1. Provide a single number: the residues in segment 69-95 that are more than 16 Å from residue 38 (Cβ to Cβ) and surrounded by 13 or more Cβ atoms within 10 Å (Cβ to Cβ).
2. Determine whether residue 260 is under 22 Å from the mean Cα position of the chain (by Cα) and either closer than 22 Å to residue 189 by Cβ or modelled with pLDDT of 80 or more (or both).
3. Could you tell me how many of the residues in segment 143-167 are under 13 Å from the mean Cα position of the chain (by Cα), free of Cβ contacts under 8 Å to residues at least 60 places away in the same chain and assigned to a loop (DSSP other than H, G, I, E, B)?
4. Just need a number here: residues in segment 188-215 that are more than 12 Å from residue 233 (Cα to Cα) and touching a strand residue (DSSP E or B) at 6+ places or on another chain (Cβ under 7 Å).
5. Would you say residue 57 is surrounded by 20 or more Cβ atoms within 10 Å (Cβ to Cβ), free of Cβ contacts under 8 Å to residues at least 60 places away in the same chain and over 17 Å from the mean Cα position of the chain (by Cα)?
6. Take the conditions in a helix (DSSP H, G or I), at pLDDT below 95 and farther than 21 Å from residue 13 by Cβ and apply them to residue 284. Does it pass?
7. Does residue 214 fit the bill of being surrounded by fewer than 21 Cβ atoms within 10 Å (Cβ to Cβ), modelled with pLDDT of 90 or more and over 26 Å from residue 42 (Cβ atoms)?
8. Could you please let me know if residue 131 is touching a residue at least 40 places away in the same chain (Cβ under 8 Å) and outside any loop (DSSP other than H, G, I, E, B)?
């Protein structure tokens, strides 16, 4: 039996990147190798939002879906911070897919019930979904395929190699042979995130994803962002053979921070030929879950 520790699962629109605006089921796994404490902080500053929030609420009565939004640092802190680990539940892949079906059926009506999942994207996010859960993904993928899902995306920071067993499954299961589309949405972390370049930028790993599916890069940009760093990092990926699209999106887990960056990022994309990515979750729901 395959198990995955799940912070939350919900049905919404994809807010970012290639599939922005597409109805999607989001499966948020628990655990991450980064904290991204630099987002929204002055240069060199590190956010203490998770600790502040943990000290301000009753952890015994807390619920993942009602955790306060973080104005600085990582906006999904509840999916990796040890103080909130108890809010995520261990689930079998069978129960995960069953819950996926239920939340989609509750969220819409269907004119063609036999193909109701064909145009719904399945997004595995985090935290970092490619940490310890790869051993459970073959069973999850088999069940998703049987259910009717045909498009799956991993939202990853691009630092985790695909394990030999999972890679072998993807290459030999034939699920990806014109029947299931796999995408890697790589949100590589720049220095303003608070993570170091040597830990965050792994072009050899990201390039290796290309033999398994479609891959694109996605960078968060703010007023403090060093444009020369963006150019340098993108060139590093290109030198290793990365051939996918590059998206830039505004930083901001809350509307005020987000809208302060949107125009700057749009103009930068126009100037440099990158793709602009909105963050529809902020536009539509202020980054709260659309459940």
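1. 14
2. So residue 260 does not fit the description; no.
3. The number of residues fulfilling the criteria is 1.
4. 6
5. Values: surrounded by 20 or more Cβ atoms within 10 Å (Cβ to Cβ): no; free of Cβ contacts under 8 Å to residues at least 60 places away in the same chain: yes; over 17 Å from the mean Cα position of the chain (by Cα): yes.
Criteria not met by residue 57.
6. no
7. yes
8. In short, no.
The values are calculated or read from the model by the stated rules, or taken from the named source; none is laboratory data. Everything numeric in this text was worked out from a predicted model, so none of it was measured. Backbone-built Cβ (ideal geometry, glycine too); neighbour counts: all protein chains shown.
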